[in-house]
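For reference, the structure discussed in these notes is given below.
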Amino acid sequence: MIYSDNAISVSMHDNGIAELIFDLQGESVNKFNAATVGSLRNAIDALKSTEGVKGLLVTSAKPVFIVGADISEFVPLFKLPAEQMAAFTGENNNNMLDMEALPFPSVVAINGYAVGGGLEFCLSCDFRVMSTAAKIGLPEIKLGLMPGWGGTVRLPRIIGIDEALMWIAAAGEHRADAALKAGAVDAIAEPAALRDVALQTLQNAIDGGLDYCARRIAKSSPMPLNKVEAMMAFTTAKALVAQQAGKNMPAPLTSVTSVEKSYNLPIKEALAVEAKHFGKLAATSQAAAMVGLFLNDQLLSKKAKKWEKQNNSPINQAAVLGAGIMGGGIAYQSAFRGTPIKMKDIAQPGIDLGMSEAAKLLTKRVSRGRMSPDQMAQVLNSISPTLNYDGFDNVDVCVEAVVENPKVKHAVLAEVEGVLAENAVLASNTSTISISYLAGALKRPENFAGMHFFNPVHAMPLVEVIRGEKTSDATVATLVAYANKLGKKAIVVKDCPGFLVNRVLFPYFDGFSRLVRDGADFAAVDKVMESWGWPMGPAYLLDVVGIDTGVHAGAVMSEGFPDRMTPGFKTATEIMFENQRFGQKNKLGFYEYELDKRGKPKRSPSAVSYELLKEHVAAPRDFTESEIIARCMLPMAIEMARCLEEGIVESVAEADMSVIYGIGFPVFRGGLFQWMDSLGMDKVVAMADQYIDLGKAYEVTQTMRDMAKNNQRYYG
């Protein structure tokens, strides 16, 4: 044994080939944490001092190769000056430079995921052999960062600038065939043959058949591009990346700029340029927010797995009541993810609509090459449409998705409970009605909870699992396990009007309504909020959700929280509703809609809407961007703080992920609590106090005032 510790071992084989094995103890995957970086330093030093080594094979003892850096170690970085952040990259960069300076060739066998720092390490090896089961990529852009261990330096020199810039800026994962075609790897092999192919490649390099020295010179030298070629490449790339990324995401464009500044430099100088730009990005609020999201998502997954382990009831058969767009979406998702489902409705047209919804989604997958026609047929056959309750005694989980009417839901829930097995779990997909209230119609309320999907079901990641007063832990565990099977992100919340997401969404709509009442142009408000990062402004979102749905849900919220969610005036949404303008569903809302060439609704401001609003609102006037943002966002943020303080949601991480996954909150802002932390609680409180005359929705909690006074953050 040449070297061994808890992350890396290096052994010598009889033929002069040394093997470096990544195997981080105590972890399910290999990653570049501080311990692994230090181990790599020691392992390389040991190799340099060992005589008789002819070549180095690099492998992983785990199903993945290396998933990248340990993201949890990034958090302290955000408190450092940019220069110190840049220095973070130094130690592992030295490791990789020394890998390239070893007096013998190296080949890495990529058996599984090699992403981020994992791929950057592979690029420092002389040759790369990749399993057909593996994937590689540089996903750092998704964290608001950029590659910091040579990815922007070595990848362009290996696969060319144009291809490399797309790999880096798009942050995608690449399969073996695509990686081979791009030139990122030298050979691919089936998993069983990977080691043999890697050893053959290494022996060929040892014997002189492959010139590893020429490889090293190309990677360490300036790129052979003249000024015209470089100008064309970077001008095109920057224009494309800027258009795709937008103004709120600096990482993609910064990574292109880094390559532009370093392509004509030798490797050490180029790495210094990369480190400088990495440090610049690490100092941004976007990086802090997006790294926070990554860690929050890991927390969500851990909590969901913990709940799933508590589930002792197998989920082999599901059912959904109500076969409309929502029911059809739930049926599709269940069948597509492998759980057969019965889809019941009271009338054949409903059944036809639900099956049509599922078939439409599956046909789209087939047309895009993501599924074969046979697979589509298999999924459709897993959906059993029915007008009666035959076979419901074998259902493990049943989701009610009928019309949002308490009396109807009471009747349907009581009826289906009578045909389900005693241990079956029953859930309601209601978006606003109290779960404890609905449970009043049931004989087994402990087996009942909310399971709130978001529309469209197949696209929206979040599912709220709502615990009623009598809901058992076993029921919650079963529904979280079912959500996991559906590929959804489950967040467990307590029962209250609107639960969590809708409870914080409607104060946002209220802020919008007050702006319009006071003379704001709804299209101008949308423009500001979309520029701030929302995929849709509030007026557009109401049109998409459905004006009628918005009015109904708004009434529920007003009844639940009359002190701060009762407008006290006729809102713009109510005016649209009274004039039969329901949004996209009838092509008339705040906007008017027509289909574009791709068959998607295209909006245009409606003169009729402005005319209808005129007699109910103040004279038109301009509001600053900061006013619009504050008046829309503060009620939402304050209500989320109330939810946390009341225990509706358990943690700031779950709260932030709920608005990211449920309503498209801007990812680069990290969620409501992350946004407030980025501003500082003193500024949040001072901003809210400016608008206190608008009503209780702008009144911060005492806890928020105490946090401002003590300079505290939600993320400690």
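Rule-based calculations on the coordinates, nothing more; no lab input. All values derive from a computational prediction rather than experimental measurement. Note that each Cβ is placed from the backbone with ideal geometry, even for glycine, and that neighbours are counted across all protein chains shown.
Per DSSP H run of n ≥ 4, the term is -39500 (n - 2.57); total these for the chain, divide by its residue number, and report the mean residue ellipticity at 222 nm rounded to 500 deg cm²/dmol.
Taken over the chain, the calculation gives -15500 deg cm²/dmol.
What distance in nm separates the two pseudo spin-label positions at I2 and N394, each 7 Å out from Cα along the beta-carbon direction?
For I2 paired with N394, the spin-label model returns 6.0 nm.
Defining a contact as two alpha carbons under 8 Å apart and six or more residues distant in sequence, what relative contact order in percent does the chain show?
9 percent
How do R154, R705 rank when sorted from fewest to most other Cβ atoms within 10 Å of their own Cβ? Kindly include the intermediate steps, with their values, before the conclusion.
Numbers: R154 26, R705 15.
In order of increasing Cβ crowding within 10 Å: R705, R154.
Using the 10 angstrom Cβ neighbour count as an exposure proxy, how do E615, E446 rank, fewest first?
By the 10 Å Cβ count, ascending: E615, E446.
Candidates [x] 82, 61, 53; [y] 80, 68, 59; [z] 105, 70, 52; which is the computed Cα extents along the principal axes in Å?
Comparing each candidate, only [x] matches the computed number.
Test of understanding: what is the full-extension gain from D23 to K585, defined as 0.36 nm times their sequence separation minus their Cα-Cα distance?
196.8 nm
Short version: ³J(HN,Hα) in whole Hz for each residue of the range 599-606, in order, from phi by Karplus 6.51 cos²θ - 1.76 cosθ + 1.60 (θ = phi - 60°), x for Gly and Pro, what are they?
Calculated HN-Hα couplings, in order: x, 9, x, 10, 8, 8, x, 9 Hz.
Under the Kirkwood approximation for Rh and a Cα-based Rg, what ratio Rg/Rh is obtained for the range 1-45? Please list the in-between numbers first.
On the way: Rg = 10.8 Å, Rh = 10.8 Å.
Value, to two decimals: 1.00.
Quote the FRET efficiency, to the nearest 0.05, computed for L295 versus D177 with a Förster distance R0 of 41 Å and r equal to the Cβ-Cβ distance.
So, using R0 = 41 Å, E works out to roughly 0.80.
Quick one: what are the phi-derived ³J(HN,Hα) couplings along the range 434-440, Karplus 6.51/-1.76/1.60 with θ = phi - 60°, whole Hz, x for glycine and proline?
Per residue, the Karplus-derived 3J(HN,Hα) values read 4, 5, 5, 5, 5, 5, x Hz.
Eigenvalues of the Cα gyration tensor times 5, then square-rooted: what semi-axes does that give for the range 503-572, in whole angstrom, largest first?
Result for the range 503-572: semi-axes of 20, 13, 11 Å.
Just to confirm my numbers, what's the Cα centroid distance between the range 382-406 and the range 489-564 in Å?
Spelled out, the Cα-based centre of one part sits 31 Å from the other.
Find the relative contact order for the range 221-274 and round it to a whole percent, using C-alpha pairs within less than 8 Å whose residues are 6+ positions apart.
Reported as a whole number, the value is 45 percent.
Report ³J(HN,Hα) in whole Hz for each residue of the range 633-646, in order, from the Karplus equation J = 6.51 cos²θ - 1.76 cosθ + 1.60 where θ = phi - 60°; Gly and Pro get x.
Per-residue couplings from phi come out as 7, 4, x, 5, 5, 5, 5, 5, 4, 4, 4, 5, 5, 7 Hz.
Note down the relative contact order for the range 314-495 as a percent, whole number, built from C-alpha pairs under 8 angstrom at least six residues apart. Walk me through the intermediate numbers first.
On the way: 367 pairs, mean separation 37.4, N = 182.
Worked out over the range 314-495, it gives 21 percent.
Working out 0.36 nm times the residue gap between K48 and W532, then minus their Cα-Cα distance, what length gain in nm do you get to one decimal?
169.0 nm
Distance from the Cα centre of the range 197-228 to that of the range 652-691, in angstrom?
Using only Cα atoms to place each centre, the spacing works out to 49 Å.
Looking at the range 502-709, how many pairs of lysines come closer than 13 Å at the Cα, when each pair is eight or more places apart or spans two chains?
Numbers: K570/K614; K585/K600; K585/K602; K587/K600; K587/K602; K683/K709.
For the range 502-709, the number of qualifying lysine pairs is 6.
Tally Lys and Arg at +1 and Asp and Glu at -1 over the other residues with C-beta under 12 Å from the C-beta of P252: what net charge comes out?
On the way: positive: K142, K238, K247; negative: E140.
Surrounding charge for P252 is +2.
Which Cα, out of N711, M676, L588, lies furthest along the positive dipole direction of the chain (beta carbon charges, K/R +1, D/E -1)?
In the chain, that residue is L588.
State the antiparallel share, in %, of DSSP beta bridges confined to the chain, rounding to the nearest 5. Could you put the intermediate results ahead of the total?
Working: 21 of 66 bridges.
The answer is about 30 percent antiparallel.
If neighbour count is taken as other Cβ atoms inside 10 Å, put M451, M1 in order from fewest to most.
M1, M451
Place +1 on the Cβ of every Lys and Arg and -1 on the Cβ of every Asp and Glu in the chain, take the dipole about the Cα centre, and give the residue among L24, A481, V107 whose Cα lies farthest towards its positive end.
After comparing all options, I get V107.
Give, rounded to the nearest 20 debye, the magnitude of the charge dipole that the range 502-709 has about its Cα centre when Lys and Arg contribute +1 at Cβ and Asp and Glu contribute -1 at Cβ.
On the way: 23 positive and 31 negative charges, 120 e Å.
Dipole about the Cα centre, nearest 20: 580 debye.
Taking the Cα centre as origin and putting +1 on Lys and Arg beta-carbons and -1 on Asp and Glu beta-carbons, what dipole magnitude results for the chain, to the nearest 20 debye?
760 debye
Run the dipole for the range 3-283 about the Cα centre, Lys and Arg Cβ at +1, Asp and Glu Cβ at -1, nothing else charged, and hand back the magnitude in debye, nearest 20.
Here the size comes out at about 840 debye.
Considering only DSSP states other than H, G, I, E and B, which chymotrypsin sites (Phe, Trp or Tyr not before Pro) in the range 99-140 qualify as loop sites with at most 11 other Cβ atoms within 10 Å? Could you put the intermediate results ahead of the total?
On the way: sites: Y113, F121, F127; in loops: Y113.
Sites meeting the loop and neighbour criteria: none at all.
What are the residues whose amide H is under 5 Å from the amide H of A187, where those residues sit 5 or more places off or on another chain and H is modelled from the backbone?
R128, M130
What spacing in nm lies between the two simple spin-label points modelled at A686 and Y437, each 7 Å away from Cα in the Cβ direction?
Using points 7 Å along Cα→Cβ, the separation is 4.2 nm.
For D196, what is the net charge nearby, where nearby means another residue's Cβ is under 14 Å from its Cβ and Lys, Arg count +1, Asp, Glu -1? Mind dumping the intermediate values first?
Values: positive: R195; negative: E19, E190.
Here the charged neighbours net out to -1.
Can you tell me the Rg and the Dmax, both Å, for the Cα atoms in the range 615-657?
15.4, 44
Which listed residue (T430, Y389, V412) has the Cα farthest towards the positive end of the charge dipole for the range 376-441, taking +1 on Lys and Arg C-beta and -1 on Asp and Glu C-beta about the Cα centre?
T430
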